[in-house]
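Working notes, beginning with the structure itself.
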Amino acid sequence: MNSKLESSFQIFGIYGLITYLNQDNEENNPRVQAYNLLKAGRELAKKSIKEKLSYLPDIAFDLSRHESIYRIAALLYIELDHTHEALKCLSYLHYYYEEQSVEPHKQYALIKQQLVDNNKDDVDIEAFIEEYQKQYQNQKIANNVKEYSESIPTEDLSEQKMYFKRLYRRYGVQTLIFAIENDTRFNNRVKAVLLIRASRAIGAIAEEGTSIESVFANKALQLDESKAVVENSYQAYLRAGDLNKLAQLKEKYSEILL
C-alpha cells in the first residue's frame, strides 16, 4: 500500500483520502473518482484500518452508479464484514448483467465466492438475489436519474417539454415520473402540475399513444387533489380514453367536475 495514502487517511480521515486521490485525477471524472475511492478503501480495510470506511460507498455512489462501482463497493463491503450491503451489490450486478445480456465481469464470480466463503450468518444467497428483483427495478430507475446530468427546467416551458421527451426516450416513463416525483425543489402540487404537463408531451410521442397519459394522471392525483390538478387529470384521462378513471373521478370529485 502507498504509505502516503495511508497517512493521509489516518491524519485527515476521509477528506484526506479524497484530497490525496484527486491529485492523480486530472480529468476530474466522477466515475474514476468513485472507483479510486473504493479501491483505496479496500486496501485500507485489508490492513484493518476500517474506521469510517463504511461511509465510502455512499460517497462513491453519489459520484457514479456505474456497474464498476457496484463491483468494487461489494468487495469493500466484504472486507468490512457488511455482508448484507455486499449482497445487495451482488444482486444488482446479477440483474444488470441479465438485463444487458452480457457476460458477468470476472470480479462478479470473485464477489460471489467471497460471500460464500465468509457467509457467517448462513444467508441463502440465491434466495436473496431472487428477492432483490423488484428492488433492482427501483434502483435502476433511481440510477438512471442520477446518471442523467440535466435537471428539470423551471422557467422555459418549451425547454421543460423537451426535457420530458429526452428523458422518456432515453429511459422510459417510470424514470421520467421518478425524476419529477423526487425533485426536492418542488412541493407536491408543483410536481403534480409537472406530471400533467409531461403527460401531454409524452402522449404525443409514445408508441402506445395518449393512453400513456393515465399513468401520469394517476401519480399526479396521488400527490395533490387541488381543483386544478383534478381538472387537468380528468382531461388527461379523456385524452387517454380511460373510461373507468373518468367515472371514478366524476364520483369522487363531483363538486369540482360539475
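Annotations for the structure displayed:
- Of all residues in region 224-258 being open to solvent by 70 Å² or more (accessible area, probe 1.4 Å) and acidic (D, E), the one that is nearest to A198 (Cα to Cα): E225
- Only a single item in (1) farther than 15 Å from Q139 by Cβ; (2) in a helix (DSSP H, G or I); (3) not hydrophobic (A, V, I, L, M, F, W, C) is not met by D81, and it is number (2).
- Residues being in contact with a helix residue (DSSP H, G or I) (Cβ under 7 Å, 6 or more places away or on another chain), open to solvent by 40 Å² or more (accessible area, probe 1.4 Å) and either in a loop (DSSP other than H, G, I, E, B) or free of Cβ contacts under 8 Å to residues at least 12 places away in the same chain (or both) - total across region 183-223: 1
- For region 224-258, filtering for residues that are of a type in the set (V, I, T) and touching a residue at least 40 places away in the same chain (Cβ under 8 Å) leaves 1.
- Criterion: of a type in the set (A, V, I, L, M), open to solvent by less than 60 Å² (accessible area, probe 1.4 Å), part of a helix (DSSP H, G or I) and closer than 15 Å to N143 by Cβ - qualifying residue of A73, A86: A73
- So K165, is it modelled with pLDDT of 90 or more, farther than 17 Å from L93 by Cα and either among the hydrophobic types (A, V, I, L, M, F, W, C) or part of a helix (DSSP H, G or I) (or both): yes
- Residue that is modelled with the lowest pLDDT [pool: residues in region 119-154 that are more than 30 Å from R169 (Cβ to Cβ) and open to solvent by less than 70 Å² (accessible area, probe 1.4 Å)]: N119
- The test for being in contact with a helix residue (DSSP H, G or I) (Cβ under 9 Å, 6 or more places away or on another chain), within 27 Å of Y148 (Cβ to Cβ), open to solvent by less than 50 Å² (accessible area, probe 1.4 Å) and in contact (Cβ under 8 Å) with a residue 60 or more places away in the chain holds for S64.
- For E159, the conditions (1) modelled with pLDDT of 90 or more; (2) under 23 Å from the mean Cα position of the chain (by Cα) all hold with the exception of (2).
The values are calculated or read from the model by the stated rules, or taken from the named source; none is laboratory data. These numbers come from a predicted model, not from an experiment. Positions of Cβ are generated from backbone atoms using ideal geometry, with glycine treated the same way; all protein chains shown enter the neighbour counts. With ligands, DNA and RNA removed, areas are computed over all heavy atoms of the protein, side chains included. Shrake-Rupley method; radii C 1.70, N 1.55, O 1.52, S 1.80 Å.
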